[in-house]
Structures are given as C-alpha cells and as structure tokens.
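For reference, the structure is listed below as structure tokens.
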Amino acid sequence: MDQPEEIDAAFERGEPHVGVAVIGLALNYSDPVAILPRIARALRSDSEELRRQGTVALAHVARLHHSVDTECLALLRTRPRGNEADDDLWTFVPHRRLPLWLWRHHLPQHTKWLLWDRWRA
C-alpha cells in the first residue's frame, strides 16, 4: 500500500496491519500534506499499537519532510513524552514551528548541553 487512498480503505476495512501501512506511506510517499491526515487517524485510534505506529510514522515524516501539522501535534501531546516523534520533531522541524509543550520537554536538556557538555572535552 503506497497510496493514501489505499490507506483510507484499509482503515475502513479495519485491516490489522494498517499501522504498518501508515509507516510505509510515511517512508515512501512524497507529499506530507497527504500523509499527515492518515497519521492523525492512526494517532486517534482506540488501539495502543496503532497509536504507537502513528507516532513512528510522524517521526519519519518529520525526518524526511521537515514537516508537521497542528492536528498531529495536538494528538501527539496526548502521548507519553520522550517518544520517537518528540525527538525527531525537535531535531528536524524548525523550532519556531513547534509548540511550547515540546520546547518545555527539550529545552532543559538542550540548555544543559549548550552550557556544559558542549564545552567539555
């Protein structure tokens, strides 16, 4: 499944491996605007495994496309901090486009690195 419409159909059918397909779409499809709504759908799922796979897919989109939307950020906020998407969003998406709650998560360790670890060695 490498087309967004195929992912939508898999969601409708209740396919057991739709989360893997969402990750595949994130890795292989070139338009993040088409990918992000499918990731949001995975992040809204009742299934913990599908939400985890949506988080992984969001991390891939951040890494490959340097992109995220407000809906996915709002849904990601409900996930535990320190996940793959948190780190990849912080690393690959311009910080000015990231919400305050993600800054609060990353700023203490970034400040420690900037003030202490960077100058050691």
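Taken together, the values in this text are just the output of simple stated rules run on the coordinates, not laboratory data. Keep in mind it's a predicted model, so treat the numbers as computed, not measured. Reconstructed Cβ throughout: ideal geometry from the backbone, glycine too, with neighbour counts over all protein chains shown.
The value of relative contact order for the chain, using C-alpha pairs under 8 Å at least six residues apart, is 20 percent. Remark: the stretch 22-31, residue by residue, has Karplus-estimated 3J(HN,Hα) of 5, 4, x, 4, 4, 7, 10, 9, 8, 10 Hz, where x stands for each Gly or Pro and the curve is 6.51 cos²θ - 1.76 cosθ + 1.60 at θ = phi - 60°.
When each of the peptides 94-102, 52-60, 13-21, 37-45 is scored by the mean number of other C-beta atoms lying within 10 Å of its residues, the order from highest to lowest reads 52-60, 37-45, 13-21, 94-102.
Highest mobility in the GNM of the chain, judged by mean-square fluctuation with C-alpha springs under 10 Å and restricted to E71, E12, E49, is found for E12. Along its three principal directions, the equivalent ellipsoid of the stretch 4-119 from the Cα gyration tensor extends over semi-axes of 28, 14, 11 Å, largest first.
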